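A short worksheet on the structure shown next.
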């Protein structure tokens with residue numbers, strides 16, 4: 001029997017993808033659907049992948065073309081740095097390049113101070129943003145990802161960090177920064193030449209961005225994104241000693257397995273509805289990633305609102321794959337609701353009331 005099994009394996013070999021991460025996830029960045037993963041909700045230290053949130057907060061709360069004057073905040077920094085000096089002037093945008101390409105902890109501390117006045121205020125913004133994105137198992141205590149003297153650090157999950165990266169990649173400036181392989185930056189003190197620590201940008205041509213991380217307690221952490229044929233994926237690995245190769249293999253496997261399918265066409269959107277007289281629309285096409293044998297279904301929920309105005313959300317389309325909901329899409333009204341048709345007796349009552 002064993003010989004027969006070995007013979008079959010020889011004739012029909014198959015590939016087993018072994019992932020060395022303690023936690024990992026592959027997510028469709030467009031629908032936030034989890035394509036595969038393990039221990040995706042386990043809370044772990046995330047090290048410098050923290051800086052994804054740090055960069056995002058700076059982009060959303062500050063003028064990135066403004067000049068930052070480096071102060072003694074940077075003296076508290078240790079570990080990886082870009083080695084900015086007290087008194088030096090650097091644009092916030094350039095500092096963000098140093099943050100994301102070289103994982104500068106000095107940059108992370110200076111950015112927090114510049115954007116919100118203190119680390120405490122900046123951390124509040126980080127946690128508020130995390131909550132708004134649905135990162136339910138995340139807690140930030142600093143902008144760098146370093147652990148404190150008691151070993152406490154920023155905690156998150158593979159799932160939460162995938163949500164964050166999927167959101168961050170919608171920001172054009174963020175996407176430009178994290179996809180940059182090399183950059184030269186000049187300040188009033190010196191010239192910097194930075195090469196991105198994210199080796200996947202060179203290893204895998206479909207990579208669109210990412211952030212590395214490492215501390216002795218967290219071990220290697222990595223968050224990346226990649227796009228091929230309009231399929232947009234995010235991968236997170238936590239505590240993975242073979243992270244770059246694991247990400248490359250996971251992208252290749254999932255790009256191969258999944259096809260991109262149009263489910264809702266905004267130009268030809270129709271839903272059976274008598275209440276709004278066919279004046280409903282969606283603002284963009286909706287695609288999902290699916291494997292060959294998966295079944296896609298769409299359920300429509302329409303709310304009857306007699307006061308609905310043009311552009312109001314009056315319903316949603318719920319898209320499921322194999323019975324599991326993967327995305328909801330708002331349905332809007334293209335023009336104000338028509339007046340309800342009145343029957344004969346209603347018209348007669350109105351007439352009598354008018355002449356009363």
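We did not get these values from a lab; they are worked out from the coordinates using the rules stated. Keep in mind that what you see is a predicted model, and the values were worked out from it rather than measured. Backbone-built Cβ (ideal geometry, glycine too); neighbour counts: all protein chains shown.
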Practice task
Using a 10 angstrom cutoff on alpha carbons, build the Gaussian network for the chain and name the most mobile of 220, 33, 284.
Solution key: 284
Handout entry: Rounded if a/c under 1.5, otherwise prolate or oblate - segment 96-168, Cα gyration tensor axes
Key = rounded
Practice task
Any chance you could run the full-extension gain for residue 155 through residue 334? It's 0.36 nm times the residue separation minus the Cα-Cα distance, nm to one decimal.
Solution key: 60.0 nm
Completion exercise
Checking 123, 313, 74 against a Gaussian network model of the chain (alpha-carbon springs below 10 Å), the top fluctuating residue turns out to be 313
Fill in the blank from the handout: With -39,500 (n - 2.57) per DSSP H segment of 4 or more residues and division by the full residue count of the chain, the 222 nm estimate, nearest 500 deg cm²/dmol, is -9000 deg cm²/dmol
Problem - Rounded if a/c under 1.5, otherwise prolate or oblate - segment 145-213, Cα gyration tensor axes - result: oblate
Fill in the blank from the handout: In whole percent, the Cα-Cα distances of segment 19-138 spread across 10 Å bins from 0 upward as 12, 40, 29, 16, 3
Fill in the blank from the handout: All alpha-carbon distances of the chain, grouped into 20 Å bins from 0, give the whole-percent distribution 26, 45, 22, 7, 1
Handout entry: 11 Å cut-off, amide nitrogen to a point 7 angstrom out along residue 260 Cα→Cβ, residues in segment 30-66
Key = 30
Exercise for the section: Springs between alpha-carbon atoms under 10 Å, Gaussian network over the chain: tell me which of 104, 37, 311 tops the mean-square fluctuations. Expected result: 311
